[in-house]
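**Q** Pasting a structure below so you can have a look.
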Amino acid sequence: MRRWLAITTVSVAAAALLTACSAGGSDNNAESGEKVTLTYGVWSQEDTMQQVVDAFEKENPNIDVQLQVNPFTDYWTKLQVSAQGGTAPDAFWMLGDRFQLYAANNQLLPLDDAISDAGVDLGVYPKALVDLFTYDGAHYGLPKDFDTIGLWYNKSLFDAAGVAYPTADWTWADVQAAAPKLTDPANGTFGIAAPLNRQEGYYNTIAQAGGHVIEDGMSGYSDPKTQAGLQYWVDFQKNGSSPNLQQLADTEAVAQFENGKVAMYYGGSFYAQRFYDNPDLRSKIDVTVLPAGETRATVINGIQNVGFANSKHPEELKKFLLFLGGKEAAEIQAATGAVIPAYENTQQAWVDSMPEFNLQAFLDEVPDGVLYPVSANTAVWNEYEDDLLTPAWDGSVSVEQAADDLATKMDEALAKE
Amino acid sequence: MSAVTSRRGATRRPALLRISNALTGLAFVAPALVGLLALYIVPLISTFVTSFTKTGPFGGSTFVGADNYLSLFLDAEFWTALRNSLIFTAIVLLGVPIAIVLAALINSVKRFRTTYRVLFFLPVVTLPVAVGMVWRYIYNGDFGVINQALAAFGIDGPSWVADPDVAIYAVAIVGIWSSLGTNIIILGAGIQAISQDLFEASSLDGAGSIRQFFAITLPLLSPSVFLVSVLSVISSLQMFDLIYVMIGRGSPAEQGSQTVVYLFFQKAFVEYDRGYGAAIAIVLLVIIMAVTALQFRLQRKWVFYG
């Protein structure tokens, strides 16, 4: 109880700050020529981001940017409380599933004027990524980096089972044929990992089956095509070619893949560095594009640099945000190999940084990228997905039943937004 | 009683002196009072007020009357969470007799007494998150120490913290383990406060150590046992961190194992429904007060203040 009392105290204090700050209003120092300080909130890539900041400060000696790093687990709570209190960083990283919450509640600085004034061409970024961060037709930032999902596979397990490696031409049928052959209960190895995972799992196959999660504010889970995208994973659970949900809860799918327990793993480009840094694993695995269903698709997600609506220096902030979305910033980030920059034709450095892996696959998929499904309060129906799809995954309820129930509950939640 | 003293005081002391005494007293308790007000009373009232509102994620709230409470009582998830909190509390209470026995044993050993105390107290000073992480490994269905030991006897153990049927019990066992330390310290102090004369007299009368435990230690320890039980119940009903770390979001056991405070966290800080979260907190406060009041009523029947 002391915990929630303390939390309430913080909220009360934050509310008091809000009233204090909003009285001050915004002033514009752009003309006066005095030095302005901006803050920039991020949760990782400290060294790389400092290089980007240094490059910006060199071009804009009037603006001083201070990097504020908070670990991911604290980042969102702190951001929300500080936004409520009017003390959020001027610029900060945003993710797709949180974006609409902030945009819908007027916490973000609209950038459309700045984008058109500076003549920025939004065509240099993957379209799904630009759309992900568009709310009511307005743009609130420029994409920083992105990730797509690929089919990682363990060559040693494929060799042992005498199955040919996956190729870019693989379809669902190929995975379905290979998975049981790669499963060896005696060794405790499985053909594939079929966790209950959104971004790396069923969101991809739902799109590949021609279904959708959310459209025009309505749930897509009652659509038989959407349900086919779920069924794909449930079938691997049913025929035993994947560890069950309990095993995957004990040891997460990516760790099972790293331990050589699963032969195929639908995983993000963001794992490339981690796999590459594991010398045992590096020589054993590779990656290709996601197998096609009715159509080709991959979830595309990423970080966007956005500005705080109540920033005291909106003009300098816009300048900084445009710089962060520009080519120079993208090239600095590409050179470190940490992320795939969103700006076109700057990604080769990332591909070249890990020559043993076919990282080009993650870029080849970009034209098939689908929007990461979000709404103003995504967390509510994400919880329903976890709760209602679990019984479908463990076989106690049919996919149709579970998905229909989910559609009903999700629509109720969406109606309340 | 206060009415009596003040009436007596009024007849003895002049009014001015009484007021000045009261002010002096107030000045002495002021620092504590300010802390109490700022950290407990004000937030409590504000939580109470919030529970009657629908609050936006960045502030701005509208009064909705008892809506949050009504939907809470119709929410099956809440009843599951409450059931889990009660199961968890009941199991952790089973740790009290274990702590009594251990405290008595530790008290009876001559050598390494402090070492034993330190060993049992270590979990208390360890970060709950670290405790949870380590136990997660121990409980792992495929590679965990427990299941590997069971496998030696040909038993195929479950995924302890991922199987919805056993997860809450598995976490409760860790709850017992991590509460043992505090309980042993409190109970051990209680045992040491018992006069040695009683033990000597009873052994002259021919009582063995088991008889002494039941006839002397246990009755004279009952005030400490009562204290430990009340504290255990309160902290168990507020259980959050172990569930969060050991079961966690997205686990197949999450839905069936979440406690009231876990549900509160989910609603208030993941789904940003702070009014609903506040209603959960207020209901939990009432439940804890009721259970504690019940314990105080029942203690008249079994607690022996020698």
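**Q** Using a 10 Å cut-off around each Cβ of peptide A:241-252, what is the average number of partner chain Cβ atoms that fall inside?
**A** 6
**Q** Suppose every K and R has +1 on its Cβ and every D and E has -1 on its Cβ; what is the size of the dipole of chain B about the Cα centre, in Debye to the nearest 20?
**A** Here chain B has a charge dipole of around 1600 debye.
**Q** Okay, moving on. What's the ranking of B:195-208, B:69-82 by average number of surrounding C-beta atoms within 10 Å, highest first?
**A** Sorting B:195-208, B:69-82 by mean packing, highest first, produces B:69-82, B:195-208.
**Q** Oh, and also: Identify all lysines with a Cα-Cα distance to A:LYS261 below 19 Å; exclude those on the same chain that are fewer than 8 residues away in sequence.
**A** Of all the lysines, those that pass the test against A:LYS261 - Cα under 19 Å, at least 8 places apart if same chain - are A:LYS155, A:LYS181, A:LYS238, A:LYS284.
**Q** With unit charges on the beta carbon (Lys/Arg positive, Asp/Glu negative), name the residue among B:TYR169, B:ILE185, B:GLY208 whose Cα is farthest towards the positive pole of the charge dipole of the stretch B:68-302.
**A** Going by the Cα projections, it comes out as B:GLY208.
**Q** If you average the alpha carbon positions of the stretch B:62-83 and of the stretch A:402-416, how far apart do those two centres end up, in angstrom?
**A** 19
**Q** Amide H neighbours of A:ASN301 under 5 Å, at least 5 residues apart or on other chains, H built in the peptide plane: list them.
**A** For A:ASN301, whose amide H was placed from the backbone, the distant partners under 5 Å are A:ASP147.
**Q** Report relative contact order for chain B in percent, whole number only (criteria: Cα-Cα under 8 Å, sequence separation at least 6).
**A** Taking the mean separation of contacting Cα pairs over the length of chain B, I get 28 percent.
**Q** About the Cα centre of the protein assembly as shown, how large is the charge dipole given +1 on each Lys and Arg Cβ and -1 on each Asp and Glu Cβ? Please answer in debye to the nearest 20.
**A** Here the protein assembly as shown has a charge dipole of around 5080 debye.
**Q** Now for a different question. Would you kindly derive the ³J(HN,Hα) couplings of the stretch A:151-166 from the backbone phi angles with the Karplus curve 6.51 cos²θ - 1.76 cosθ + 1.60 (θ = phi - 60°), listing them in order in whole Hz, with x for Gly and Pro?
**A** 9, 7, 9, 9, 5, 4, 5, 5, 4, 4, 8, x, 10, 5, 4, x
**Q** Suppose each label sits 7 Å from its Cα in the direction of the beta carbon; what would the A:GLN348-B:ALA38 distance come out to in nanometres?
**A** The two pseudo-label positions are separated by 6.1 nm.
**Q** Could you give the dipole magnitude of chain A about its Cα centre, charging the beta-carbon of Lys and Arg +1 and that of Asp and Glu -1, in debye to the nearest 20?
**A** 780
**Q** Continuing with this model, one more query. List the residues whose amide H sits under 5 Å from the amide H of A:ALA263, counting only those 5 or more places along or on another chain, with H placed 1.01 Å from N in the peptide plane.
**A** Long-range HN contacts for A:ALA263: A:PHE190, A:GLY191, A:ILE192.
Values quoted throughout were computed directly from the atomic coordinates according to the rules given, and no laboratory measurement underlies them. The shown structure was predicted, so the numbers you read here are calculated from the model rather than taken from an experiment. Methodologically, a virtual Cβ is constructed for each residue, glycine included, from the backbone with ideal geometry; neighbour enumeration extends over all protein chains shown.
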